[in-house]
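Participant: Dumping the structure here so I can ask a few things about it.
Coordinate-derived values only; no laboratory data. Keep in mind the model is a prediction, meaning the values are calculated, not measured. Note that we place each Cβ from the backbone using ideal geometry, even for glycine, and neighbour counts take in every protein chain shown.
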Amino acid sequence: MLTKRIIPCLDVTGGRVVKGIKYRNLQDAGDPVELAAFYNEQGADEIVFYDITASSDGRETMRDVVERTADQVFIPLTVGGGLRTVDDMRRMLEAGADKVSINTAAVLDPDLITHGAERFGSQCIVLSMDAKRIPDEHPLRWEIFTHTGAGGGKATGRDALEWAVQAVELGAGEIVVNSIDADGTQTGYDVELLRTISEAVTVPVVASGGAGTMEDLYQAVIRGKADAVLAASIFHYGTYSIREVKDYLASRGIPVRL
Amino acid sequence: MAMAPVPDIQKDGATSVVTIIDYGAGNLRSVVNAIARLGYQSKITNQADDVLAAQALILPGVGAAGDTMANLKQRQLTKPIIQYIWDGRPFLGICIGLQMLLTGTEEGGWHDCLNVIPGKVKRLPDGQKIPHMGWNQVKQVLPHPVFNGIPDETNFYFVHSYYAEIDDESSVIGITDYGTNFCSAIAQGNLVATQFHPERSGEHGLRIYDNFLKLALKEELGRKTGEVI
């Protein structure tokens, strides 16, 4: 049976991890390569690097981080943040990334999904979306925001469900669903949003934004029907280790790789 | 007093170079890294002569099967690969590199493949998420040295939407359940192929490469000295 993936996400700028505490077995918690290797040893199923600089200098640094990580970490690696062209994607894939994640650039130019998928295969192209609940809508609806890195982001008027379905038609092989309402709150993923997207698309859906407890990860899978859960703070701040999370999920009947 | 690691095989006086076929699509870096970690050198090539001269040949794969076949044909690599395999020499196919071995694939309309293993490549059944992406168990239905040191039902990393339906089940050594029990590992003589990505499957994945390369280079050494293995 296919296991549910547990994915730590590392925000990187200038070649350094932004969040992160000092672990006992880790000399430098700010080094993305060392942190990726550490999570790999803990049993992470994939690693996501998210480039929050997204300047061209930053991307060169990111390429170097990806290369050094791919030399020693033999699990899948996804890179996102600031990738705007097929050439940007190619450079990350050549550096050793298995998948590239695009967000704002895909909203501005949906053909980027298709061009990436035609060139590298759908399995390489991850659409990441930032969605916010539209108040007082029944049934529930969510709106896509872009440029969420800075100052709350820009509303697009685009419906999250419609965008997810369209992105898959265009060639996205996986969708990361990030809830703007839940992100950073540590009060749980938006499971209604997750379920709405997951039931509507044929590709795997990754839950993102809001994880605070192991129960939250469980609910993302059970109620949200997510195929994978991505989390940052709970791992970086040492609230739980990946192994603890996996043991917990396994004890509640969720298939995980132990 | 650190010294550069010396690959084991050098002790036998042979050059242990693993030949990896580059057909212009797949990302080869992760395969090269995995092999380097095990202490072997790789040679990346798109030349027929290199394929025919290989001691151990790897056909990696990412992307669409039809494109892969077209790329191999364009580089005039299909005949050398088929000859190499028919000569019974050590070959490892990964993902699309497994699917390429079959008679043909249904991906993107029917495309003929290398036809060294009779069977066809079909789309995974509907009713679950496609691509099949993530870690899933490989049930070792037949013992094989490529599984040495790897427990039965170990999780390996998969990314694919199509699977191989093999006519002769005696060459199927591993199966995986995803809507159907599909063939996830094949072995036939010195040929081994996996639907999963050992280079992305952590320590157990590296073990697959290590097992294959140990077998492959031993076989080659034996062949050169006229021994029968």
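Participant: Per residue of segment B:179-184, what does 6.51 cos²θ - 1.76 cosθ + 1.60 with θ = phi - 60° give for ³J(HN,Hα)? Whole Hz please, x for Gly and Pro, Karplus curve as stated.
Facilitator: With the stated coefficients, segment B:179-184 comes to x, 8, 7, 9, 6, 10 Hz.
Participant: Here's a follow-up. Let me check against my output: what whole-number percent is the relative contact order of segment B:67-137, with C-alpha pairs under 8 Å and at least 6 apart? Each step should come with its number before you reach the end.
Facilitator: Working: 63 pairs, mean separation 16.0, N = 71.
Dividing the mean separation by the residue count of segment B:67-137 yields 23 percent.
Participant: Next question. Tell me, what HN-Hα J-couplings in whole Hz come from the Karplus equation 6.51 cos²θ - 1.76 cosθ + 1.60 at θ = phi - 60° for each residue of segment B:101-116, using x for Gly and Pro?
Facilitator: After applying 6.51 cos²θ - 1.76 cosθ + 1.60, I find 6, 7, 5, x, 10, 8, 5, x, x, 5, 10, 5, 10, 6, 6, 9 Hz.
Participant: Then there's this: Do you know the relative contact order of segment A:133-258, to the nearest whole percent, from alpha carbon pairs under 8 angstrom that are 6+ apart?
Facilitator: Details: 205 pairs, mean separation 21.4, N = 126.
Computed value for segment A:133-258: 17 percent relative contact order.
Participant: While we're on this one: Out of the DSSP beta bridges found with both residues in segment A:5-251, what percent are antiparallel (nearest 5)?
Facilitator: Around 25 percent of the beta bridges assigned by DSSP in segment A:5-251 are antiparallel ones.
Participant: From the helices alone, meaning DSSP H stretches of at least four residues, give me the mean residue ellipticity at 222 nm for the protein assembly as shown, per-run term -39500 (n - 2.57), in deg cm²/dmol to the nearest 500.
Facilitator: The helix-only estimate for the protein assembly as shown comes to -9500 deg cm²/dmol at 222 nm.
Participant: Tell me, what HN-Hα J-couplings in whole Hz come from the Karplus equation 6.51 cos²θ - 1.76 cosθ + 1.60 at θ = phi - 60° for each residue of segment A:104-115, using x for Gly and Pro?
Facilitator: Calculated HN-Hα couplings, in order: 4, 4, 6, 5, 5, 9, x, 4, 4, 4, 5, 5 Hz.
Participant: Count the DSSP beta bridges whose two residues both fall in segment B:15-224, then state the antiparallel fraction as a percent rounded to the nearest 5.
Facilitator: Values: 26 of 44 bridges.
Given both bridge residues lie in segment B:15-224, the antiparallel proportion sits at roughly 60 percent.
Participant: Further question on the same structure: Quick check on chain B: take the gyration tensor over C-alpha atoms, sort the square-rooted eigenvalues as a ≥ b ≥ c, and tell me if it's rounded (a/c under 1.5), prolate or oblate.
Facilitator: Prolate is the answer for chain B, as a/c is 1.5 or above and a/b outweighs b/c.
Participant: Once amide H atoms are placed 1.01 Å from N in the peptide plane, what residues at a sequence separation of 5 or more from A:Ala231, or on another chain, have their amide H within under 5 Å of its amide H?
Facilitator: Correct list: A:Ile7, A:Cys9.
Participant: Helix B:202-224 sits at what angle to the longest principal axis of chain B, using alpha carbons and giving 0 to 90 degrees rounded to 10?
Facilitator: In chain B, helix B:202-224 runs at an angle near 60 degrees to the longest axis.
Participant: Please check: in the Gaussian network model of chain B (C-alpha springs, under 10 Å), which one of B:Lys214, B:Lys139, B:Lys73 has the largest mean-square fluctuation.
Facilitator: Maximum among the listed residues: B:Lys73.
Participant: Average partner chain C-beta neighbours within 10 Å, per residue of B:128-140?
Facilitator: For peptide B:128-140, the averaged partner shielding equals 6.
Participant: Let me know the mean shielding of A:1-7 by other chains, meaning the per-residue number of their Cβ atoms within 10 Å of its Cβ.
Facilitator: Mean number of neighbouring Cβ atoms from other chains: 4.
Participant: Next up: Shape verdict for the protein assembly as shown, please, from the Cα gyration tensor: rounded (a/c under 1.5), prolate (a/b greater than b/c) or oblate.
Facilitator: Cα axes put the protein assembly as shown in the prolate bin.
Participant: Taking 8 Å as the Cα distance limit and 6 or more residues as the minimum spacing, I'd like the relative contact order of chain B as a percentage.
Facilitator: Answer for chain B is 18 percent.
Participant: Can you give the longest run of chain A that contains no trypsin sites (Lys or Arg not before Pro) sitting in a DSSP loop with at most 15 other Cβ atoms inside 10 Å?
Facilitator: Details: sites that count: A:Lys19, A:Lys22, A:Arg24, A:Arg223, A:Arg252.
After excluding every exposed loop site, the longest remaining stretch is A:25-222.
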